[in-house]
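Before any comments, here is the structure.
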Amino acid sequence: MPSEECNDAWLETFRAAVQHPERTERQRALKSFGQDFTSDAIIAEECPRIFDDTYLHILRCYGDRFESVRTLAVAAMDALLGKLPPNDYYLGCIVPVLAKRIGQAETIEDSEEVRLQLLEQLETLVAKYSDPDGSRSGDPLLKVLDSVIDTLIKSLRDPFPAAQKKSCEIVIALAEATPSLHYRAEALVAPAKSILTHRHSANRIAAVEALGVLSLHILSNGDCVSEIIMAVSPLLMDDVPFVRRAIGRVGCLMLQKLRDRYSFFHRILPLVLNCLCDETVEVREDIEVGWKQAGELYYRENETELSKAALIETVPKGYPVERYRRPTLACRAIVQRSLRVVNLVLHEMEEWKENIRLHATKLLKQIVLHAERSFSTLFLEVNPVLAKACMDAEKSIVSEALSVCELMGILLDYDTWSQHMLATFKNYPTIGQLRCMRTLFASCVQDEAKCKDVRKFATLLLDPDVCHNHRDAVYQRELLEFCSILASSGQKQEALTARLEEITVSESNDSTAGEQQTLERTLYTVALKVVAFCYGLEDRASVRDLGMTVLGLLDSNVDRLHQHHLASVLCKIEHLESENSDASTSILLLCGIVAVCGFQDSYFTILNETLQKAVAHAAPEGKVKLFSAISVAMLSWNVHNAQSEEDQIAMLRAFTDAVIAPHLVWSAGRSAESVRAMATACFASMAQGVDPNVYMSLLPTYLNVLSGLIDDNCIATRAYSLKALVRLQALNFESLKLIAFPIMSRLDDPSGEVRELAAVCLGRLQLDVDLSEDGQQNTVERWQDILRQILSVMFLHLEHPETKLRCAIFDSLKRLHTDNRELIERLASDVPSGCSYKKDLETITSRTKNT
């Protein structure tokens, strides 16, 4: 514009154009106006005069009914403002209009884009008239502060996400631009808090940053600061790492700049400490820098006190430097003076939401890591909540809780927690307390102190409420792991077998009896009971294996452990005089012990007496359970017993007469039938597990009973009685006659298994006779007569359609042919040539002749 006259004409044209009724004219004028300022066609000295001549017309276009005109009007004012000097006069002209358009209770500007454009203009004004300390222009923003705040109150609740985000950015800019924000800072808190739940993470981050800045400008209302902290805290569990990082940054900012920050440390710390254990590396590293800066500031402010502590401090013994980086002295001092935060953490650890409990437990770990020995005073109130977390349904929470216990075991003095844990677990033997106690003991680095109390901890585990908890496999596993730790600790001082004097086995029920035992016996008792309760449960195989490993730690020869200590365990099994069912703890324990330990000479007498007592008083289902365990133990008789045959016979005869034989006699009822079947199963196991010579010396005494059981109504009883005879050796004539025909009759049994067993047993019938004695030839002839009848029936059953039965009969005929060649060949020759089994018989005889 070369001259002032031309400039006036241009302004006059512009004023006329922006008031033209045609939209296109107004648009053209506003667009041309903005372009002239953008292209530097107007010099800066002319701008104030141009503003005075045009601002009313441009601002009037802010309310134009066409959005395009309003957009161009805002752009034109932006261009004009860019050339104006920072005079607060212009603020008074523009800000009220902005407040009218976007700061009213009702929405005046209905275009989202224009609202955003107006907010950007407000941000430009705030930046242009920034005077942080009021020294340059006397804080020009103070005059329009109310209008700006009212505008932000409205725009922070704007439904347009971009407008919300921009409003938060203006709040931050305003805090930096004026020292007067504290007059109205509280008014912005509630609108900013409403954005924290926005679906866009960028908006949540902006809101967190804005609230952090606002907290620094709230000078007198501590409750409002607390509200801000409580409002942003849930975002520590946000799915977006950048949101969590923003929370941590705000926490670090408050620790360094918040007015009266010392009194808020206990509320601010969760914002920072939670980020120090964040799952994202970037978040942890970023917040760790801010946390150290806060610590450095605290150190400078308290240098006199902390410098003395720095001279004498040492790294705690056993500090897990491979997993944790020890916080600086100042950072630890901040936490140690703010342990009130633990009350808040404990409250959240009992929340019903899993993620809250998890983050609270992680926070507690950070507090323990920073507080170190100062945490000792809080152990009593933390322990119940921590024990509850140790048995949480969520595995991640349990893992974090155990990490807390581990740190406490390392960092706290042994005397701080040991006596309390002993007393607490005695009253509340839950799996949570067990895990807590086990981890504390295992991680404790004060070996000398804890080794003195190993026996006290082991004695706790003897309590029936603890070692008899057979319904929970997880509890059993924890119990065994603690036993393993105690065994290792005991071995650090001296061999377990020499740790304390041995005691005489007694049946004393004194409550102190457990404390009088050796450590080895105590741990053996606990481990054996757990293993015993796992008997017969396939899903407890891993627990049973762990129990056997623990026993192996006590002595590599487990049988030797049984010899030394099992009698003591048997004497202390209670309530065997009651009518126990198969679900009774006493029956389950005794059955497991019998099946696991088997029979050994060293404790045979006590085991015999115990089983007699249990079988005599147990309910039928309990007796079935006991006989089942006895039958399992009999299978390993030869493994555990290497005595002379005479001694083994005496042991077995006494046991069989007292425990098994009375229940072989027939009595009416389904329950009696089941008991009889399992008692017979004990004989079947003897046939497999006991030395053949020992067994055959014992068997004839009971053949009379077994012969009757072969014809029992119960299929299982018939099968077990025949299994007891499958390893028969030579018998005298009377014994053979007693069982031969009952066995033969089972070839027609309804059960295929019984038929096969009967066929096998027939092949084991062998006469024990000395032909050199007088009258023995007559005995042989009598046996031949009986055998002839048996062979005829066996021949007939060779036509049976069942392949397994025919094979069993064929094998038995080959066995019988060895001692009865002439009889079998004569009977085979009498068989008509058309019979289907003729060739089988010829095969037997021809093989023998060839041999």
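The values are calculated or read from the model by the stated rules, or taken from the named source; none is laboratory data. It should be emphasised that the depicted structure is a prediction, and the values quoted were computed from it without experimental measurement. In this analysis, Cβ positions are derived from the backbone assuming ideal geometry, glycine residues included, and neighbour counts consider all displayed protein chains. To get the accessible areas, we keep the full protein, side chains included, count just its heavy atoms, and leave off ligands, DNA and RNA. Shrake-Rupley method; radii C 1.70, N 1.55, O 1.52, S 1.80 Å.
Answer yes or no as to whether Leu56 is within 20 Å of Val148 (Cβ to Cβ) and of a type outside the set (Gly, Ala, Ser).
Taking the combined requirement at face value, the residue does not satisfy it.
If you scan segment 56-89, which residues turn out to be aromatic (Phe, Trp, Tyr) and either surrounded by fewer than 19 Cβ atoms within 10 Å (Cβ to Cβ) or in contact (Cβ under 8 Å) with a residue 60 or more places away in the chain (or both)?
Phe66, Tyr89
Need pairs with beta-carbon distance below 8 Å; first residue within 18 Å of Lys292 (Cα to Cα) and within segment 308-335, second of a type in the set (A, V, I, L, M, F, W, C) and in a loop (DSSP other than H, G, I, E, B); sequence gap 6+ or separate chains.
Arg326/Val315
When you scan segment 319-326, do you find a residue that is of a type in the set (A, V, I, L, M) and either within 26 Å of Glu176 (Cβ to Cβ) or assigned to a helix (DSSP H, G or I) (or both), even just one?
Among the residues of segment 319-326, not one is of a type in the set (A, V, I, L, M) and either within 26 Å of Glu176 (Cβ to Cβ) or assigned to a helix (DSSP H, G or I) (or both), which makes the answer no.
Of everything in segment 558-591, what is of a type in the set (Ser, Thr, Tyr), assigned to a helix (DSSP H, G or I) and without any contact (Cβ under 8 Å) to a residue 40 or more places away in the chain? Give them in sequence order.
Hit for segment 558-591 is Ser586, nothing else.
Yes or no: Val594 of a type in the set (Val, Ile, Thr), assigned to a helix (DSSP H, G or I), within 25 Å of Gln688 (Cβ to Cβ) and open to solvent by less than 10 Å² (accessible area, probe 1.4 Å)?
yes
Search segment 717-742 for residues being within 28 Å of Glu799 (Cβ to Cβ) and touching a Lys or Arg at 6+ places or on another chain (Cβ under 9 Å), and hand back the single one that is most open to solvent (accessible area, probe 1.4 Å).
Among them, the one singled out is Lys737.
Given (1) surrounded by fewer than 14 Cβ atoms within 10 Å (Cβ to Cβ); (2) of a type in the set (A, V, I, L, M, F, W, C); (3) modelled with pLDDT under 90, identify the lone condition not met by Ala423.
(3)
Does any residue of segment 349-356 turn out to be without any contact (Cβ under 8 Å) to a residue 60 or more places away in the chain, assigned to a helix (DSSP H, G or I), closer than 17 Å to Cys436 by Cα and open to solvent by less than 10 Å² (accessible area, probe 1.4 Å)?
no
Which one of these is of a type outside the set (Phe, Trp, Tyr), assigned to a helix (DSSP H, G or I), free of Cβ contacts under 8 Å to residues at least 12 places away in the same chain and within 23 Å of Ser581 (Cα to Cα): Glu646, Glu609, Glu621?
Just one listed residue meets the conditions, Glu609.
Pro801 fails exactly one of the following numbered conditions: (1) open to solvent by 30 Å² or more (accessible area, probe 1.4 Å); (2) in a helix (DSSP H, G or I). What is the number of that condition?
Every listed condition holds for Pro801 apart from (2).
Quick check on segment 395-414. Is at least one of its residues open to solvent by 60 Å² or more (accessible area, probe 1.4 Å) and aliphatic (A, V, I, L, M)?
The answer is no; no qualifying residue exists.
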